[in-house]
Amino acid sequence: MVSNQFFVNKGPFPLKKIVSLIKCNTDPVKIVSVNISDIKNLYSAKKNDITFLNSNKYKENSLKTKATACVTLPNFSNLLPKRCIKLYPNNVLFAATQISKLFYPKADIDYPDQNLTNNKNLKKKYPKVFFGENVLIGKNVLIGKNSFVGSNTIIESNVKIGQGCFIGSFVVIKNSIIFDEVLIQDGSKIGVKGFGFIPSPKKNIRTPHIGRVILYNGVEIGANCTIDRGSLSDTIIGENSFLDNQVHLAHNVKIGKNCMIAGQVGFAGSSTLGDNVVIGGQVGISGHLKIGNNVKIGGGSGVVNDLPDNSQVMGYPAIPLRAFVKFRKKI
């Protein structure tokens, strides 16, 4: 049994057991002596890891993956290295969830941290940190000097917070790495489980989330934001990016540097933003999109397609700003 920073990995497991679990056919000679250590995404998987591929949007990473085995579809087999063992279940995402649950059976629900310490012992452990009232801190938490933690805030086990950070009141932080001079305003929830599940007529099946949230230097998070941790990868916000109040980031979203995101913007899972992106209020970003550098998105827009560098768009669905203005003049 091995452990990542926040979740215990119950592996390794024989690949033969995984094949039996997800009920798929493969060459028995290839799997007879193979052990699998972990499940990871295409990019971070190494030898003796298993991964999954269900879209050709990720062929750039799939062709380079180092994973020993991959759960995928037969028509995607040419998007994977020859040495990679291909497994073909009936449903790729359901199989990936089954494997995740095998390795990380307690990562599909945010169980309460049972190792929280109250204010009485905090001053001794963190002499250069200011704490409000009723603060609870878990085990192995690191907090840099000159940081401030507001009242009624919970920081769960193994979280790392840098120097000069300001954490407001009624904040919950879990499964997160926070660098220096980060500001998180009141009521925000950082590192919670994402909205990942396999729909079923009888009972929806929750997908484990074993990734982290990473906030780099100078990030600002407004009040009552929710930032989900990654499923197999991390949710990341780059240096000096600012989020207004009530912004939601779903699992695996990656925000570049110096981005400005106004209130009530919502990101679906696995979308990425480049640097210097500006987004107006109440914008919706669909999942698995790539938004380039220096993009500007007008308030109330719905983004459903990738946007190249230096784009300016508005509307639902979002279209180039000049086309939107022309359209508005006609009506």
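Confirm whether residue 236 is of a type in the set (A, V, I, L, M) and within 25 Å of residue 195 (Cα to Cα). Yes; evaluated as a whole, the condition is true for this residue. Per the listing 287, 269, 292, 274, the residue uniquely under 21 Å from the mean Cα position of the chain (by Cα), more than 20 Å from residue 242 (Cβ to Cβ) and crowded, with 17+ Cβ neighbours inside 10 Å is 269. Candidates 242, 166: the one that is surrounded by fewer than 21 Cβ atoms within 10 Å (Cβ to Cβ), over 23 Å from residue 113 (Cα atoms), free of Cβ contacts under 8 Å to residues at least 40 places away in the same chain and outside the structural domain of residue 44 (by TED's automatic domain parsing) is 242. For the range 183-218, the tally of residues that are of a type outside the set (S, T, N, Q), over 20 Å from residue 230 (Cβ atoms) and at pLDDT 95 or above stands at 4.
Going by the structure shown, is residue 253 aliphatic (A, V, I, L, M), farther than 30 Å from residue 98 by Cα, without any contact (Cβ under 8 Å) to a residue 60 or more places away in the chain and out of contact with any Asp or Glu (no Cβ under 6 Å at 6 or more places or on another chain)? No. Only one of the numbered conditions (1) touching a Gly at 6+ places or on another chain (Cβ under 7 Å); (2) of a type outside the set (Val, Ile, Thr); (3) in the same structural domain as residue 214 (by TED's automatic domain parsing) is violated by residue 152, and that is (1). Look at (1) within 28 Å of residue 46 (Cβ to Cβ); (2) in contact with a Lys or Arg (Cβ under 7 Å, 6 or more places away or on another chain); (3) not hydroxyl-bearing (Ser, Thr, Tyr) and you find that residue 73 fails only one, number (2). Scanning the range 33-51 turns up at least one residue that is among the small types (Gly, Ala, Ser) and at pLDDT below 90. Kindly indicate the residue of the range 33-47 that is hydrophobic (A, V, I, L, M, F, W, C) and over 14 Å from residue 80 (Cβ atoms) and also farthest from the chain's Cα centre (by Cα) among those meeting that condition. Among those residues, the one meeting the criterion is 34. Could you say whether any residue in the range 310-318 is in the same structural domain as residue 224 (by TED's automatic domain parsing), under 26 Å from residue 212 (Cβ atoms) and out of contact with any helix residue (DSSP H, G or I) (no Cβ under 6 Å at 6 or more places or on another chain)? No - not one qualifying residue is present in the range 310-318. Is the range 295-306 home to any residue that is assigned to a helix (DSSP H, G or I) and loosely packed, with under 15 Cβ neighbours inside 10 Å? The answer is no; no qualifying residue exists. Within the range 59-90, the set of residues being among the aliphatic types (A, V, I, L, M) and either surrounded by fewer than 18 Cβ atoms within 10 Å (Cβ to Cβ) or not assigned by TED's automatic domain parsing to the domain that holds residue 49 (or both) comprises 63, 73. Filtering the range 254-277 to residues that are closer than 14 Å to residue 238 by Cβ and of a type in the set (Val, Ile, Thr) leaves 255, 261, 272, 277. Using the structure shown, decide if residue 175 is over 14 Å from residue 221 (Cβ atoms), at pLDDT 95 or above, surrounded by 17 or more Cβ atoms within 10 Å (Cβ to Cβ) and touching a strand residue (DSSP E or B) at 6+ places or on another chain (Cβ under 6 Å). Yes: the conditions hold for residue 175.
Considering the conditions (1) farther than 23 Å from residue 149 by Cα; (2) buried (at least 20 other Cβ atoms within 10 Å of the Cβ), residue 184 is excluded by exactly one of them, (1). Among the residues of the range 199-232, which ones are surrounded by fewer than 22 Cβ atoms within 10 Å (Cβ to Cβ) and acidic (Asp, Glu)? The one that is surrounded by fewer than 22 Cβ atoms within 10 Å (Cβ to Cβ) and acidic (Asp, Glu): 220.
Would you confirm, using the coordinates I've provided, whether residue 196 is crowded, with 19+ Cβ neighbours inside 10 Å, in contact with a Pro (Cβ under 9 Å, 6 or more places away or on another chain) and closer than 26 Å to residue 108 by Cα? In short, yes.
The values are calculated or read from the model by the stated rules, or taken from the named source; none is laboratory data. A quick note: this is a predicted structure, and the numbers were derived from the prediction, not measured. Cβ atoms come from the backbone with ideal geometry, glycine included; neighbour counts cover every protein chain shown.
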